[in-house]
Amino acid sequence: TFHVVALKGLEPAHSYAYSVKIAGKAGALKSASFTTAPVEASGAPFRFLVYGDNRSDDETHAAIVAQMKGAPGDFLLNTGDFVADGGNEAQWQRFFDIEAPLLATRPIVSCVGNHELTDKSASAYLRYFASTKALADSKPELSGSLRWSNARFFLVNAMTSYAEGNDRAWLERELEIFRK
């Protein structure tokens with residue numbers, strides 16, 4: 001089962017505790033906490049963890065997650081290629097099973113990789129990583145940007161050309177926002 005929960009009214013740079021309970025399962029209560037991003041352009045120092053291309057070696061992926069769990073970081077940045085076949089739900093489940101210790105306490109932002117595009121529409125990737133606003137669009141974007149403190153991250157789909165067209169126009173709009 002997949003659930004999306006929209007949280008509103010969260011304060012910047014604030015920690016929130018939460019619990020998730022699975023109805024009908026004894027002992028199926030998980031508690032954790034997360035911290036929201038600082039105020040944009042605040043200059044507040046931060047750390048983030050970067051990794052990716054974990055698609056083909058679950059044992060190494062799990063070892064990296066175990067090491068990252070103990071490392072300080074405000075959020076995770078995955079560079080793509082989460083799974084070998086973006087249309088394979090079992091591979092996505094395995095990814096989330098391995099990632100659970102990290103995802104319980106830190107948000108993840110991501111770039112789409114070519115392996116998420118194996119079903120041409122990246123539908124599973126979008127299901128897990130697109131915003132609900134993006135999903136409402138008839139053709140959700142596979143690129144995006146993120147502002148965290150005084151830094152701006154551009155999360156681009158490397159499988160497209162930014163030389164012209166809609167993708168170029170999107171990038172120019174994003175860069176213009178960055179210049180402000």
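Qualifying chymotrypsin sites (Phe, Trp or Tyr not before Pro) in the range 1-97, where qualification requires a DSSP coil assignment and no more than 10 other C-beta atoms within 10 Å, comprise 2. Backbone geometry of the range 117-127 corresponds, through the Karplus equation with coefficients 6.51, -1.76 and 1.60 at θ = phi - 60°, to 3J(HN,Hα) couplings of 9, 5, 8, 6, 9, 6, 4, 5, 4, 5, 4 Hz, x marking Gly and Pro.
In the chain, the DSSP-assigned H stretches of four residues or longer account for a calculated mean residue ellipticity at 222 nm of -9000 deg cm²/dmol, using -39500 (n - 2.57) per stretch and the full residue count as denominator. The simple spin-label model puts a point 7 Å past each Cα toward its Cβ; for residue 14 and residue 150 those points are separated by 2.5 nm. Of 50, 109, 83, 5, the residue with the largest accessible area leads and the full order is 5, 50, 109, 83 (1.4 Å probe). Accessible area per residue (1.4 Å probe, heavy atoms of protein chains only) ranks 3, 14 as 3, 14, with the largest value leading. Note on residue 158 and residue 104: the model spin-label points, each 7 Å out from Cα along the C-beta direction, lie 3.2 nm apart.
Net charge in the neighbourhood of residue 78 (other residues with Cβ under 10 Å of its Cβ; Lys, Arg +1, Asp, Glu -1) is -3.
Applying both filters, DSSP loop and at most 13 other Cβ atoms within 10 Å, to the trypsin sites (Lys or Arg not before Pro) of the range 48-94 eliminates every site. Per residue, the accessible area of the range 75-165 comes to 48 Å², computed with a 1.4 Å probe over protein heavy atoms only. Between residue 166 and residue 114, the modelled labels are 2.3 nm apart [label points 7 Å from Cα along Cα→Cβ]. Can you classify the range 1-43 as rounded, prolate or oblate using the Cα gyration tensor, where a ≥ b ≥ c are the square roots of its eigenvalues, rounded means a/c under 1.5, and otherwise it's prolate if a/b beats b/c and oblate if not? Note, shape of the range 1-43 comes out prolate.
If you run the Gaussian network model on the chain, springs between alpha carbon atoms under 10 Å, then out of 60, 105, 118 the most flexible one is 60.
Fully extending the segment from residue 59 to residue 85 would add 7.6 nm, taking 0.36 nm per residue of separation and subtracting the current Cα-Cα distance. Remark: the residue 35-residue 177 segment gains 48.6 nm on full extension, using 0.36 nm per residue and subtracting the alpha carbon distance.
Between the labelled values (1) 55, 39, 31; (2) 51, 35, 30; (3) 43, 36, 25, the entry that holds Cα extents along the principal axes in Å as derived from this structure is (1). Quantify, in whole percent, the carbon and sulfur part of the accessible surface of the chain (1.4 Å probe; protein heavy atoms only). The nonpolar share, carbon plus sulfur, comes to 53 percent.
The values are calculated or read from the model by the stated rules, or taken from the named source; none is laboratory data. Because the structure is predicted, anything quoted here is derived from the model rather than measured. Cβ atoms come from the backbone with ideal geometry, glycine included; neighbour counts cover every protein chain shown. Heads up: the accessible areas ignore ligands, DNA and RNA and are worked out on the full protein's heavy atoms, side chains in. Shrake-Rupley method; radii C 1.70, N 1.55, O 1.52, S 1.80 Å.
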